[in-house]
1. Is the shape of the range 230-317 rounded, prolate or oblate, going by the alpha carbon gyration tensor and its root eigenvalues a ≥ b ≥ c, with a/c under 1.5 for rounded and a/b larger than b/c for prolate?
2. Binning every alpha carbon pair distance of the range 253-376 at 5 Å from zero, what are the percents per bin?
3. What would the Debye formula give as log10 I(q)/I(0) at q = 0.08, 0.09 Å⁻¹ for the alpha-carbon point model of the chain, no solvent?
4. Name the most mobile residue of LEU311, LEU215, LEU354, meaning the one with the largest mean-square fluctuation, in a Gaussian network model of the chain with Cα contacts below 10 Å.
5. Filter the chymotrypsin sites (Phe, Trp or Tyr not before Pro) in the range 194-298 down to the DSSP loop ones having no more than 12 other Cβ atoms within 10 Å, then list what survives.
6. If you count, for each residue, the other Cβ atoms within 10 Å and average over each peptide, how do 112-119, 329-336 line up from highest to lowest?
7. According to the Cα gyration tensor, what semi-axes, each the square root of 5 times an eigenvalue, does the equivalent ellipsoid of the range 47-196 have, listed from largest to smallest in whole Å?
8. How would SER107, SER125, SER186 line up from fewest to most surrounding beta-carbon atoms within 10 angstrom?
Amino acid sequence: MNPRIWLSTPHLSGNELKYIQDAFQKNWVTSIGENIDGFEEDIQHQLNINCHIVALNSATAALHLALIECGVGHGDEVICQSMTFSASANPIAYQGATPVFVDSEPSTWNICPQALEEAIQDRISKGKTPKAIVAVYLYGMPFKVDEVQAIAQKYNIPLIEDAAEALGSTYKGKACGTFGRFGVLSFNGNKIITTSGGGALVCQTQEDKDKAVFLSTQARDNAPHYQHSHIGYNYRMSNISAGIGRGQMEVLKDRVEARRKMHHFYLNLFQDIDGVEVFHEPNEDYYSNHWLSAITIDSAIAGKTREDLRLAFLDDNIESRPLWKPMHLQPVFANSPYYGGKVSETLFENGLCLPSGSNLTDEDRQRIANKVREVFGV
Ligand SMILES: *Cc1c(COP(=O)(O)O)cnc(C)c1O
C-alpha cells in the first residue's frame with residue numbers, strides 16, 4: 001500500500017524547538033511568559049492593524065469568550081452561518097442561547113447577505129433581536145465582508161468573524177479576522193499553522209482584550225486571596241504552545257504560498273474536466289490562503305459523483321472529504337431556526353475537499369493527478 005496522503009497535516013519549521021527550549025531554561029512553562037507575549041505580537045504584526053490579541057487554548061474557547069463579551073446569555077439568539085464546522089455553533093449552546101442558521105451564497109460558499117437580513121428581520125418581528133452574528137471564512141475564503149458588515153451595522157448587531165481557517169487571507173487588502181467586533185483564529189493541528197492545539201481572540205480594544213484575559217484565567221479579582229465575582233474559564237494558551245506558534249509564524253508566508261500553489265495545481269488538473277469546478281476567489285477583492293482546496297462535481301455533466309472520486313482516492317490511500325455538513329441538517333441542532341435555500345445543502349452533496357497540505361511532494365501530486373485522470377477518463 002502506498003503511504004497515506006492526508007488532507008492537511010502539521011508542517012513544522014524546526015525553529016519551534018528554540019522557543020520551547022528557551023521556555024524550559026527560564027522555567028516559564030505555564031500560561032505566562034515571553035512566548036505568549038511574543039506570539040501575540042507576531043499575530044498582531046501579521047494582521048497589520050491596531051488590534052489586540054489574546055492567545056487561548058482553542059478557537060472554540062475564543063468564540064465562547066467573544067459571545068460572553070457580546071452579552072449572549074440564556075434564551076438569546078445568535079445568527080450563525082450554517083455551512084461550517086460545529087465549533088462555530090457549539091459555544092452558542094454553551095451560553096444557553098439558540099443558534100439561528102443562515103444559508104451560504106454560491107460565490108464564496110459563506111453567509112448569504114440576503115438570507116442574513118431576512119433572518120434578522122424575521123427574528124425581530126418575532127420579538128428577539130439576535131445578539132451576535134457569527135460569519136465564517138470557509139477554507140480560508142473571505143465572506144462578502146462589505147455586505148455583511150453593512151447589515152450588522154444597520155441592525156446594530158456585533159459581528160464575530162470565525163477566521164479559524166483564514167490566517168493569511170485578506171479582503172480588499174485587509175486581514176480576515178479584523179473587521180468585526182471580534183475575530184477568531186485557530187492553531188489546531190490541521191490548520192495552516194499549528195501550536196499543537198490553540199487559538200486566538202482578535203479584539204478591537206484593550207478593554208475587550210483585558211476582559212478576555214481575565215475570563216480565560218479563572219476570573220480572579222484583584223485581591224491577595226482568591227476572590228471571584230464572575231464565572232471564569234481555564235482557556236489561556238500555555239507558554240510552551242505559544243513557543244511552537246512563534247516558530248510557525250516565521251514560516252506562515254511560505255505556508256500560505258504552498259497552499260495557494262496546491263490550489264493552482266488543482267486549477268490546472270481540472271481545467272479540461274467538464275462538470276468539475278475548483279473553488280476560487282470571485283474577484284481580486286478576495287484573497288484566500290486556500291487552507292483546503294475544494295471542488296464541486298456536477299455529476300450530470302462529469303458522469304461521476306463526488307463519492308466516485310472520494311472512493312477512488314481511498315483505493316490509493318489518498319484522503320479526501322465531503323464539505324462541511326450544514327449545521328441545520330445536524331441532529332444536534334434539529335430545533336434551531338434556519339433561513340435560506342438549498343445552496344449549502346447542494347454544496348454538501350457535490351463538494352469534496354482535496355489534499356492541500358503545504359508539505360505535499362511532487363510524488364504525492366503525481367499520485368493525485370493519476371487518480372483524477374483515471375476516474376474521469378482523460
Ligand atoms: C477548526 C475550526 C474551529 C475550531 O478550532 P479549534 O482551535 O480546534 O477549537 C472553529 N471554526 C472553524 C470554521 C474551524 O475550522
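Any read-out appearing in this document is the output of simple, stated calculations on the displayed coordinates, not a laboratory observation. In this text, all values refer to a predicted model and were calculated from it rather than measured experimentally. So basically every Cβ, Gly included, is an ideal-geometry build from the backbone, and we count neighbours across all protein chains shown.
1. On the way: a/c = 2.41, a/b = 1.98, b/c = 1.22.
Note, shape of the range 230-317 comes out prolate.
2. Percent of pairs per bin, in order: 2, 10, 18, 22, 19, 14, 9, 5, 1, 0.
3. -0.41, -0.52
4. Among LEU311, LEU215, LEU354, the largest GNM mean-square fluctuation belongs to LEU311.
5. On the way: sites: PHE214, TYR226, TYR233, TYR235, PHE265, TYR266, PHE270, PHE279, TYR286, TYR287, TRP291; in loops: TYR226, TYR233, TYR235, PHE279, TRP291.
Within the range 194-298, the qualifying chymotrypsin sites (Phe, Trp or Tyr not before Pro) (loop, at most 12 other Cβ atoms within 10 Å) are TYR226.
6. 112-119, 329-336
7. On the way: eigenvalues 104, 62, 38 Å².
Semi-axes from the Cα gyration tensor: 23, 18, 14 Å.
8. Working: SER107 15, SER125 8, SER186 30.
Lowest to highest Cβ neighbour count: SER125, SER107, SER186.
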